[in-house]
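Let me begin by presenting the structure, written as structure tokens, before commenting on it.
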Amino acid sequence: MKHKKIITLLVTLAVFGLFIFGIAACQPTAPTAAPATAVPATPAPVEPTTPPEPELTGDPIRGGLLYDQWWAVLEVDAPEGDQALWATQSTNTRSGKDSWRCKECHGWDYKGVDGAYGSGSHKTGFVGVFASKDKPASEVLTALQGGANPDHDFSAVMSEQDLTDLALFITTSLIDDSALINADKTSTGDKVAGQEKYESVCIKCHGPKGNAINFDSMEEPEFLGHVAPDNPWEFVHKVRFGQPGWPMPSGIVNEWSDQDVANVLAFVQGFTSDAALSDGGQLYDKWWGVLGVEPPAENNPLWATQTTNERTGKDTWRCKECHGWDYKGKDGVYASGSHATGFPGILESASLSSEELLAWLNGGKNPDHDFSGVMEDYALNALVAFIQNEMTDSTPYVNADGTVNGDPAKGKTMFEATCAACHGVDGKKINFGTDAEPEFFGTVAADNPWEFFHKAGLGQPGEPMPRGLALGWTLEQIADLLAYAQTLPTK
Ligand code: HEC
Ligand code: HEC
Ligand code: HEC
Ligand code: HEC
């Protein structure tokens, strides 16, 4: 990786610099020392010099991600219980894993009590780390190993290399973002220049309005239009370093200047905080995955009215299991095969009024078709919105034999811009199946193009996957993507 090399070089230069500086510092003493050498027998006492700093090699970008949320980077479970120093403060009432994030104690602006966390619910009174940027990296490393305070020892949860990356992050990559962010949280940057940068990188995943990925729950969604105005310091940190655990690009790696970051912030601060989609499509797919609740263990009461589909338990509660990925029920793909139930489709229901649709979902029409016990009103309303506005007919794009009317060349561009970051260029980076029976991007596209069509437009329940319809894609474009996906390996 390019930035790793640069840092090694920088550290080497710094050590070399110290060496040069050492020589230069010695020089003035040389002439004055010269006359004193009249007695050659006694050599001038050699002044004890501090040994040069050991060279630390590592990745400060990774360090910046660790600073944000180290366990997401390391793909380990977050620690349970509070960090030892947490008990020495009482103003921040969070507990558990949050108390282990460097940013929770030292701030997104690195200034701790002297910065944005000087007040508000995140206030701890703890110091910032900004002053540590001028320390030797080895001293910061020692501080992270508990050298200065045994309660500030992270070596039980992170390796020496992890801590070294953190030390290099602190000593090489901190910026004073008060030059980028005004006191009222607005950006000092230029929106027009920011738009160009945003559209060259961010739009691929976050969409033209920044709401293609939801960072929080369905009930309280969080989009770029929330983060940028509310927490510009977090925004700046994440744009420079990336998002822990996800392949979001780092501005530093992409050689963005601090000004570029401020410009993007200025542009994004003008975004809407409204959702692009209702999320009802994801509820239709697997509502408990979206809501983060336990699915029912018993069969859905309507299940007993059919005998052809032999699944049991939670599967019987998925809308898609009874009505199909193509929304056509017994008149579509689920007319036959192991998913056949004989239940009707809902494609025609798009023309029903909201009241009628709600009556369908809360048992008003059929007491056995009642989802009000497992979903709150906001979720039922989202399903209504999905059926009325976001449910699309894939018939013109996906043929009955599963082939697709789309342009794979156009789809390739879309895939490589947006999907490949997580799914890999061959679509095999994430396995949705098991080791024995792997299921990849290409497998879903080939075996179940209707499911693919649904998910590419509406997203994956519970995952921060960009939603094609929120990226502004047309159904035709989704078909192009699907046509390309069908060329990818299936195993
Ligand atoms: C629970 C709160 C808390 C967490 C989490 C925390 N720190 Fe600290 N940190 C402190 C406090 C308090 C100090 C003040 C000095 C001390 O008591 O060690 C400090 C001091 C520091 C210093 C200055 C050391 C010095 O000797 O001047 C650095 C650098 C630092 N922390 C970096 C980090 C990094 C990197 C992380 C994440 C791995 C981290 N801290 C996590 C509370 C925390
Ligand atoms: C390859 C896709 C991808 C690209 C490109 C991308 N991001 Fe992200 N971004 C993500 C993902 C995934 C998340 C994490 C969502 C989560 O954890 O819930 C995220 C999270 C974020 C967050 C954090 C939100 C939070 O509160 O946790 C910010 C801010 C952000 N992105 C800004 C940007 C900006 C600005 C750009 C352009 C410089 C960008 N992203 C480019 C995929 C991407
Ligand atoms: C266990 C199978 C099953 C599940 C799960 C299921 N449905 Fe149904 N659904 C049916 C059956 C059967 C009917 C027709 C019932 C009747 O005529 O009384 C129906 C009817 C409907 C209708 C009315 C169709 C019309 O216009 O006549 C809508 C809309 C609907 N379902 C939406 C949903 C949604 C949204 C979900 C997910 C929350 C869902 N269904 C889950 C079996 C199911
Ligand atoms: C930020 C990362 C990320 C990006 C970008 C992304 N995905 Fe995903 N995708 C995931 C995750 C995580 C899963 C769920 C994996 C699992 O459940 O095992 C997933 C699952 C899927 C599935 C469902 C597989 C199944 O059987 O459940 C499909 C289809 C899919 N993605 C399509 C796409 C398409 C199309 C794109 C590009 C528009 C895309 N993804 C971009 C992260 C991503």
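Within segment 360-379, track down each residue that is in a helix (DSSP H, G or I) and more than 16 Å from PRO296 (Cβ to Cβ). Hits for segment 360-379 are TRP360, ASP377, TYR378. The single residue among GLU255, GLU219, GLU234 that is within 8 Å of ligand 2 (Cβ to nearest atom), surrounded by fewer than 20 Cβ atoms within 10 Å (Cβ to Cβ) and of a type in the set (D, E, K, R) turns out to be GLU234.
Restricting to segment 75-107, count the residues that are within 16 Å of ligand 2 (Cβ to nearest atom) and either crowded, with 18+ Cβ neighbours inside 10 Å or over 14 Å from PHE154 (Cβ atoms) (or both). So that I can check it myself, show each step before the final result.
Pass one, segment 75-107, residues within 16 Å of ligand 2 (Cβ to nearest atom): 75, 78, 94, 97-98, 101-104, 107.
Retained after the next criterion (residues that are either crowded, with 18+ Cβ neighbours inside 10 Å or over 14 Å from PHE154 (Cβ atoms) (or both)): 75, 94, 98, 101-104, 107.
The qualifying residues number 8.
The residue of segment 433-453 that is farthest from ligand 1 (Cβ to nearest atom), among those that are closer than 19 Å to THR418 by Cβ and in contact with a helix residue (DSSP H, G or I) (Cβ under 7 Å, 6 or more places away or on another chain), is PRO449.
Of the helices (runs of 4 or more DSSP H) lying entirely inside segment 163-237, the ones with 2 or more residues being hydroxyl-bearing (Ser, Thr, Tyr) are found at 191-200. Within segment 391-410, residues that are on the phi > 0 side of the Ramachandran plot sit with their Cβ atoms under 7 Å from residues that are of a type outside the set (S, T, N, Q) and outside any strand (DSSP E or B), at 6+ positions apart or across chains, in these pairs: GLY402/PRO449. Among the candidates ALA212, ALA228, ALA262, which residue alone is more than 28 Å from TRP71 (Cβ to Cβ), among the hydrophobic types (A, V, I, L, M, F, W, C) and in contact (Cβ under 8 Å) with a residue 24 or more places away in the chain? Answer to the selection: ALA262. Against the definition (more than 21 Å from the chain's Cα centre (by Cα), of a type in the set (Gly, Ala, Ser), part of a loop (DSSP other than H, G, I, E, B) and more than 30 Å from LEU85 (Cα to Cα)), how does GLY147 come out, yes or no? No.
Screening LYS412 on (1) more than 19 Å from the chain's Cα centre (by Cα); (2) within 21 Å of LEU283 (Cα to Cα); (3) assigned to a helix (DSSP H, G or I) shows it passes everything except condition (2). Considered as a group, the residues in segment 165-212 that are under 19 Å from GLU255 (Cα atoms) and within 18 Å of the chain's Cα centre (by Cα) include one that is farthest from ligand 2 (Cβ to nearest atom), and that residue is ILE203.
FYI, it's all coordinate maths here, none of it is from the lab. Model, not experiment: these values are computed from the prediction. Cβ coordinates were reconstructed from backbone atoms using ideal geometry, including for glycine residues, and neighbour counts include every protein chain displayed.
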